[in-house]
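Read the figures in this text as sums done on the coordinates, not as results from a lab. These numbers come from a predicted model, not from an experiment. Every residue, glycine among them, receives a Cβ derived from its backbone with ideal geometry; neighbour counts consider all protein chains shown.
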Amino acid sequence: MWSRLALAGLLAVGLAASSAHAPALAQAWQCRPPASLPQPVVDQRQSGEVRRTAVDGYILALSWSREYCRGRENSARDALQCGRAMGEFGFVLHGLWPEAKGPDYPQWCRTTAPLPRKVVAQNICMTPSVQLLQHQWAKHGTCMTRRPESYFNAARILFNALEFPDMDRLSRRGEQDGTLTAAKLTEEFALTNDGLPEAAIRVKTNRRGWLEEVHICLNRKFKPRTCPTFNRGAPGNAQIRIWRGS
């Protein structure tokens with residue numbers, strides 16, 4: 001049986017041709033974007049930052065928005081994600097990143113222009129930051145395809161294919177008995193997504209043990225693969241906490 005993520009991988013392979021409309025995002029179904037969005041500013045890359053190493057796989061980086069927004073509720077820079085005017089987010093997409101065979105992943109492969117407003121509007125509920133969308137395209141997407149539409153279409157297909165554990169339940173469980181570990185959260189992700197092995201999941205926390213991100217490792221065909229050794233996460237036995245929001 002094909003898993004949703006495996007099928008998404010087959011669709012995402014057609015980067016240059018993909019233009020299908022994506023369904024409502026699982027983590028942003030309540031998102032209400034404003035009618036007018038700001039224009040992103042072009043990222044200024046440095047010549048020494050350019051790396052055109054061969055692509056050996058990908059990382060789908062999921063950010064736990066409630067931890068990111070803690071203390072940023074009144075930040076003008078993060079108003080779309082953290083101000084709650086668009087809704088309250090759970091997991092959002094940090095980015096889809098091409099990986100190399102070692103830690104020197106490709107980046108900043110071509111110069112870019114500001115993203116078209118249509119592209120921003122199509123993806124703002126998946127990645128609720130105009131400038132982060134611009135940054136992800138400039139730093140990572142340019143090493144995968146020549147069109148931002150193709151890059152974000154692939155990212156949406158993969159993001160939409162994921163199902164997410166009951167984070168509220170896991171958060172409360174961790175508070176009550178202290179048994180929530182990185183390994184347990186990894187197991188919950190794998191159980192919720194048929195065909196996603198635990199070895200393809202990395203849990204990222206901050207120094208205080210609060211969940212920040214979950215990374216899904218993918219091969220060159222966008223199917224789950226065992227994460228390479230240089231992609232490290234929290235130790236399996238590390239106790240973690242999940243911020244539910246205030």
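Once you have a ≥ b ≥ c as the square roots of the Cα gyration tensor eigenvalues for the stretch 93-224, tell me rounded if a/c is under 1.5, and otherwise prolate or oblate according to whether a/b is larger than b/c.
The shape class here is prolate.
Are there any trypsin sites (Lys or Arg not before Pro) in the stretch 196-241 that are in a DSSP loop and have at most 15 other Cβ atoms within 10 Å? List them by number.
Sites meeting the loop and neighbour criteria: 207, 208, 220, 221, 232.
Counting only C-alpha contacts under 8 Å and six or more residues apart, can you give the relative contact order of the chain as a whole percent?
Reported as a whole number, the value is 29 percent.
Please find, in a Gaussian network model of the chain (springs between Cα atoms separated by less than 10 Å), the residue of 98, 33, 224 whose mean-square fluctuation is greatest.
Of 98, 33, 224, the most mobile in the Gaussian network model is 33.
Measure off 7 Å from each Cα along the Cα-to-Cβ vector at residue 221 and residue 47, then give the distance between these two points in nanometres to one decimal.
4.1
Of 35, 161, 76, which is the most mobile in a GNM of the chain whose springs link Cα atoms less than 10 angstrom apart?
Of 35, 161, 76, the most mobile in the Gaussian network model is 35.
With +1 on each Lys and Arg Cβ and -1 on each Asp and Glu Cβ, how big is the dipole of the stretch 133-230 about its Cα centre, in debye rounded to the nearest 20?
600
So if R0 is 25 Å, what FRET efficiency would residue 191 and residue 121 give, r being the distance between their Cβ atoms, rounded to the nearest 0.05?
Calculated value: 0.15.
Using R₀ = 22 Å, calculate the FRET efficiency as 1/(1 + (r/R₀)^6) where r is the Cβ-Cβ separation of residue 36 and residue 111; round to 0.05.
So, using R0 = 22 Å, E works out to roughly 0.25.
With runs of 4+ DSSP H residues as the only contributors, calculate the mean residue ellipticity of the chain at 222 nm using -39,500 (n - 2.57) per run, divided by the residue total and rounded to the nearest 500.
The helix-only estimate for the chain comes to -8000 deg cm²/dmol at 222 nm.
What span do the alpha-carbon atoms of the chain cover on each of the three principal axes, reported in whole Å from largest to smallest?
Principal extents (Cα only, largest first): 50, 40, 38 Å.
May I ask you to list the GluC sites (Glu not before Pro) in the stretch 45-106 that are in a DSSP loop and have at most 10 other Cβ atoms within 10 Å of their Cβ?
Counting only loop positions with at most 10 other Cβ atoms within 10 Å, none of the GluC sites (Glu not before Pro) in the stretch 45-106 qualifies.
How many lysine pairs in the stretch 99-228, separated by 8 or more positions in sequence or lying on different chains, have Cα atoms less than 23 Å apart?
Total qualifying Lys-Lys pairs in the stretch 99-228 comes to 11.
Work out how much length residue 169 to residue 75 would gain on full extension: take 0.36 nm times their residue separation and subtract the Cα-Cα distance, in nm to one decimal.
Full extension of this stretch gives 31.0 nm more.
Positive end of the dipole of the stretch 92-241, charges at C-beta (+1 Lys, Arg; -1 Asp, Glu), about the Cα centre: which of 233, 119, 200 has its Cα farthest in that direction?
Looking along the dipole axis, the top candidate is 119.
In the stretch 169-229, if the dipole is taken from +1 on Lys/Arg beta carbons and -1 on Asp/Glu beta carbons about the Cα centre, which of 191, 218, 178 is farthest to the positive end?
218
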